[in-house]
Amino acid sequence: MHTSKQKPVMILIHEIYGINDHMESMIHYFDKAGFEVYCPHLLGQAKHFPYVSENEAYDYFMNKVGFDKPVKSVLNLAKELKTKNAAIDIFLLGFSVGATIAWRCSQNDQLFRGVIGFYGSRIRDDVDLAPACKTLLFFPEIEASFHPREIASVLGKRKSFA
């Protein structure tokens, strides 16, 4: 439980596009909602990509960034925050590849109070992971690269899902 002096933490995890206007609006929203907000830049040298550069952004993320480094970065940030204050509540909110990163982070016991992921299509590669905290995932109705309902059905049988 957090006290009135201790804000809960929201770690926002961006899409393949980086920290763009959408992420800036999310940072502002959660700051106004009373969270201490972190949004780590996970693209390395690239600052961000416009939405019209989806193919370039996807190729850059998959070939230059990948999932392992961002997962490690988010976990290191959470561990650093917990080292400073073990009682702090930390939540993860990820979009697209950020949702997959959040999903991979969710299995780490006692770091996160909750995880929310929007449209993490690569979660399909990690359906065997077991979240150690409450987890809420949103999938699209239709996706060209996989069958969201099948993945949702498999994952929906888990206890940790909200």
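Read-outs throughout are calculated quantities, based only on the coordinates presented, and are distinct from any laboratory measurement. Source: prediction; values computed, not measured. Because the Cβ atoms are built from the backbone with ideal geometry, glycine has one as well, and the counts that use them run over all protein chains shown.
When the GluC sites (Glu not before Pro) in the range 1-91 are filtered for DSSP coil states and for at most 16 other beta-carbon atoms within 10 Å of their beta-carbon, no site remains. When the pairs LYS69/LYS134; LYS64/LYS84; LYS47/LYS72; LYS32/LYS69 are compared against a 21 Å limit on Cα-Cα distance, LYS69/LYS134; LYS64/LYS84; LYS32/LYS69 fall above it. Applying Stokes-Einstein at 20 °C and 1.002 mPa s to the Kirkwood radius of the range 9-155, computed over alpha-carbon pairs, gives a translational diffusion coefficient of 138 µm² s⁻¹. Its relative contact order, with pairs defined as Cα atoms under 8 Å and 6+ residues apart, puts the range 1-105 at 42 percent. For the range 86-100, 3J(HN,Hα) computed residue by residue from phi via the Karplus equation (6.51, -1.76, 1.60; θ = phi - 60°) reads 4, 8, 5, 8, 10, 10, 10, 9, x, 10, 6, 4, x, 5, 5 Hz, glycine and proline entered as x. Among the trypsin sites (Lys or Arg not before Pro) found in the range 7-67, those both in a DSSP coil and sparsely packed, with 14 or fewer other Cβ atoms within 10 Å of their Cβ, are LYS47. Annotation: amide H of ILE13 within the under-5 Å range of LEU93, GLY94, PHE95, sequence separation 5 or more or interchain, hydrogens built in the peptide plane. May I ask you to list the residues of the range 93-113 whose amide nitrogen lies under 17 Å from a point 7 Å from Cα along the Cα→beta-carbon direction of LYS64? Taking a point 7 Å out along Cα→Cβ of LYS64, no residue of the range 93-113 has its backbone N under 17 Å.
Paramagnetic label reach from GLU141 (point 7 Å along Cα→Cβ; backbone nitrogen cut-off under 19 Å): within the range 97-120, residues 118-120. Between LYS47 and GLN6, the FRET efficiency from the beta-carbon distance, with R0 = 41 Å, is close to 0.80.
Once the Cβ-Cβ distance of ASP128 and ASN55 is raised to the sixth power relative to R0 = 25 Å, the FRET efficiency obtained is 0.25.
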